[in-house]
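The values are calculated or read from the model by the stated rules, or taken from the named source; none is laboratory data. Computed from a prediction, not measured in an experiment: that's the story for all the values here. Cβ placement follows ideal geometry from the backbone for every residue including glycine, while neighbour counts extend to all protein chains displayed. Calculation scope for accessible area: heavy atoms of the full protein, side chains included, ligands and nucleic acids excluded. Shrake-Rupley method; radii C 1.70, N 1.55, O 1.52, S 1.80 Å.
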Amino acid sequence: MTNPKPIYHSELQCSVFSLSYDFVTRQGVLNMAETTACDMNGCIAFFQRIDPKVQAIQTKAGNLDDTSYLLVGKEWKANLPPRKEV
């Protein structure tokens with residue numbers, strides 16, 4: 001079996017493997033290629049069309065946690081994961 005290839009998504013501005021959304025917790029997950037990052041506004045708008053009440057979005061680059069977006073009041077905040085120093 002060959003490795004799946006990500007598909008470039010113009011709104012998210014990244015190469016995407018998959019995404020999921022949990023309506024109970026109002027949290028989304030975007031799984032991207034290892035060396036990519038998404039557009040924050042595009043990502044939030046995309047998940048808001050799935051559920052206007054989305055509260056949090058976690059992005060993953062390859063197998064690593066990447067940026068998370070959290071709705072605080074009426075404003076979205078971006079948080080980068082801690083990185084280990086080399």
Look at Pro81 and say whether it is surrounded by fewer than 16 Cβ atoms within 10 Å (Cβ to Cβ) and farther than 22 Å from Ser15 by Cα. no
When residues of the stretch 1-22 are filtered for being assigned to a loop (DSSP other than H, G, I, E, B) and either at pLDDT 95 or above or touching a His at 6+ places or on another chain (Cβ under 8 Å) (or both), how many remain? 4
Starting from the stretch 22-49, keep only residues that are within 13 Å of Leu71 (Cα to Cα) and open to solvent by less than 60 Å² (accessible area, probe 1.4 Å), then list their pairs with residues that are modelled with pLDDT of 95 or more and assigned to a helix (DSSP H, G or I) whose Cβ atoms are within a distance under 8 Å, requiring at least 6 positions of separation or different chains. Gly28/Phe47; Gly28/Ile50
